[in-house]
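Undergrad: Have a look at the structure that comes next, please.
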Amino acid sequence: MNKITMLLGSAALLGLVSCNKSEFDGFEKAENGLHYQFFTQDEAGVKATEGDGVSIKIIYALKKSPTDSVLFDSRMNSEDGTGTVRYILPKSSFAGSLEDALKMMAKNDSAAFIISADSFFLKTNKMEALPPFAKPGDKLLITVKMVDVKLKKELEENQKKQEAEIAALEAAEKPKMAAYLAGNNITTLPTASGIVFIETQKGKGAAHPTATDEVTVHYTGMLLDGTKFDSSVDRGEPAKFPLNQVIPGWTEAIQLMTKGSKAKIIIPSNLGYGPRGAGAQIPPFSTLIFEVELIDFKAGAAPQMPQ
């Protein structure tokens, strides 16, 4: 079961909070059937609404006696290791849903909620049948810490800003590459695909690796401004990898080398990491420069046939 999908649902904003007493000790019951108990609450704080971005720490468990059975704990499952899950708050999947619960909360609030387990699985997660550990009438106990709320308008403004920044990076790539080539007196013509391959040391023999070979190389990778982002030389250990499992610019360029040769390779972003970049070190639409030595190569492992 997809862990993030388990959190996705939707919500109708609670029009008012009922003072009805819940059958669960310590809880109140809202008019939509949601049972709630706040541990910390900023009653004047801005509540999350549909379309807002929420950052939450969450644990949900199947409410059973004598102990509850934990099904998900974001502290053990978050993608960035912070224990925080982030998503855009959609519409409510049913009255008294998880999304309805989140819409009662402002930043820094913490609370527990009891909701229908079968509705959660069948309506929120759109499962065709209940999982084997749940049955109609079961309840989920959900504990939530609202880490942050980003209003829909703020998210849209941030999205527009990011799109403008990426568009500017895309427009600037070719002029920056042209300026780099001119500034370094590089007159080597690019290949048909667009890489610039400059051999700086002749190799031995005439054999070239193929796209399916495993190569052993030393390399240093830099951006056009000279920022180094990776280097096997600095690590003191050559890198080994199948040539068909790297960026396209590498797959093409290394096949132009022979054993023992060295080259400077300039790779435009469409043959590198493209509009996404790579982590914090390689921005979107970055032309990459590699200084490479082909130490050795050999035939790669035969592809495994499906059983």
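The values are calculated or read from the model by the stated rules, or taken from the named source; none is laboratory data. Since the model is a prediction, treat every value here as computed from it, not as a measurement. In this analysis, Cβ positions are derived from the backbone assuming ideal geometry, glycine residues included, and neighbour counts consider all displayed protein chains.
Undergrad: Could you check the stretch 34-59 and list, in sequence order, the residues that are part of a strand (DSSP E or B) and loosely packed, with under 14 Cβ neighbours inside 10 Å? Show your work before the answer.
TA: Step one: of the stretch 34-59, the residues part of a strand (DSSP E or B) are 35-40, 47, 53-59.
If the condition is that a residue be part of a strand (DSSP E or B) and loosely packed, with under 14 Cβ neighbours inside 10 Å, then Phe39, Thr40 are the ones that fit.
Undergrad: Pick out the one residue from Lys204, Lys135 that is in contact with a Gly (Cβ under 9 Å, 6 or more places away or on another chain) and in a loop (DSSP other than H, G, I, E, B). Explain how you work it out, then say what you get.
TA: Values: Lys135 fails: in contact with a Gly (Cβ under 9 Å, 6 or more places away or on another chain).
Of the residues listed, the single one that is in contact with a Gly (Cβ under 9 Å, 6 or more places away or on another chain) and in a loop (DSSP other than H, G, I, E, B) is Lys204.
Undergrad: Do any residues in the stretch 174-186 that are in the same structural domain as Thr200 (by TED's automatic domain parsing) and at negative phi have Cβ atoms under 8 Å from those of residues that are surrounded by 10 or more Cβ atoms within 10 Å (Cβ to Cβ) and in a helix (DSSP H, G or I), where the two are at least six apart or on different chains, and which pairs are they?
TA: Within 8 Å, the pairs are Ile186/Tyr180.
Undergrad: Go through the stretch 60-111 and give me each residue that's among the aromatic types (Phe, Trp, Tyr) and either within 26 Å of the chain's Cα centre (by Cα) or assigned to a strand (DSSP E or B) (or both). Walk me through how you get there before you give the answer.
TA: Quick first cut of the stretch 60-111, residues among the aromatic types (Phe, Trp, Tyr) only: 60, 72, 87, 94.
Within the stretch 60-111, Tyr60, Phe72, Tyr87 qualify.
Undergrad: Would you be able to tell me the number of residues in the stretch 227-266 that are of a type in the set (A, V, I, L, M, F, W, C), in contact with a His (Cβ under 9 Å, 6 or more places away or on another chain) and more than 21 Å from Ala192 (Cα to Cα)?
TA: Adding up the residues that qualify gives 2.
Undergrad: While we're on this one: Can you find a residue in the stretch 148-170 that is out of contact with any His (no Cβ under 7 Å at 6 or more places or on another chain), more than 30 Å from Ser78 (Cβ to Cβ) and in a loop (DSSP other than H, G, I, E, B)?
TA: Going through the stretch 148-170, the residues out of contact with any His (no Cβ under 7 Å at 6 or more places or on another chain) turn out to be 148-170.
Of the ones still in play, those that are also more than 30 Å from Ser78 (Cβ to Cβ) are 167-168, 170.
Cutting the leftovers down to in a loop (DSSP other than H, G, I, E, B) gives us none.
No, there is no match, as no residue in the stretch 148-170 is out of contact with any His (no Cβ under 7 Å at 6 or more places or on another chain), more than 30 Å from Ser78 (Cβ to Cβ) and in a loop (DSSP other than H, G, I, E, B).
Undergrad: Among Glu157, Glu170, Glu165, which is the only one that is closer than 30 Å to Met105 by Cα and either within 32 Å of the chain's Cα centre (by Cα) or at pLDDT below 95 (or both)?
TA: Glu157
Undergrad: In this structure, does Phe297 turn out to be touching a residue at least 60 places away in the same chain (Cβ under 8 Å) and either among the basic types (Lys, Arg) or touching a Gly at 6+ places or on another chain (Cβ under 8 Å) (or both)? Outline the logic, then answer.
TA: Details: touching a residue at least 60 places away in the same chain (Cβ under 8 Å): yes; either among the basic types (Lys, Arg) or touching a Gly at 6+ places or on another chain (Cβ under 8 Å) (or both): no.
Judged against the criteria, Phe297 is not a match.
Undergrad: Also, quick follow-up: Mind telling me which of the residues Thr143, Thr187 ends up being among the β-branched types (Val, Ile, Thr) and surrounded by fewer than 11 Cβ atoms within 10 Å (Cβ to Cβ)?
TA: The unique qualifying residue is Thr187.
Undergrad: Next question, about the same structure. Please go through the stretch 115-146 and pick out each residue that is among the aromatic types (Phe, Trp, Tyr) and farther than 24 Å from Lys47 by Cα. Before the answer, list the steps.
TA: Going residue by residue through the stretch 115-146, those that are among the aromatic types (Phe, Trp, Tyr) are 120-121, 133.
Once the filter is applied, which keeps residues that are among the aromatic types (Phe, Trp, Tyr) and farther than 24 Å from Lys47 by Cα, the stretch 115-146 yields Phe121, Phe133.
Undergrad: Here's another thing I want to ask about it. Please give the strands (runs of 3 or more DSSP E) falling wholly within the stretch 235-307 in which 3 or more residues are farther than 29 Å from Glu163 by Cβ and at pLDDT 95 or above. It would help to see each step written out before you state the result.
TA: Working: elements: 239-242, 262-267, 288-298.
Strands (runs of 3 or more DSSP E) meeting the threshold: 262-267, 288-298.
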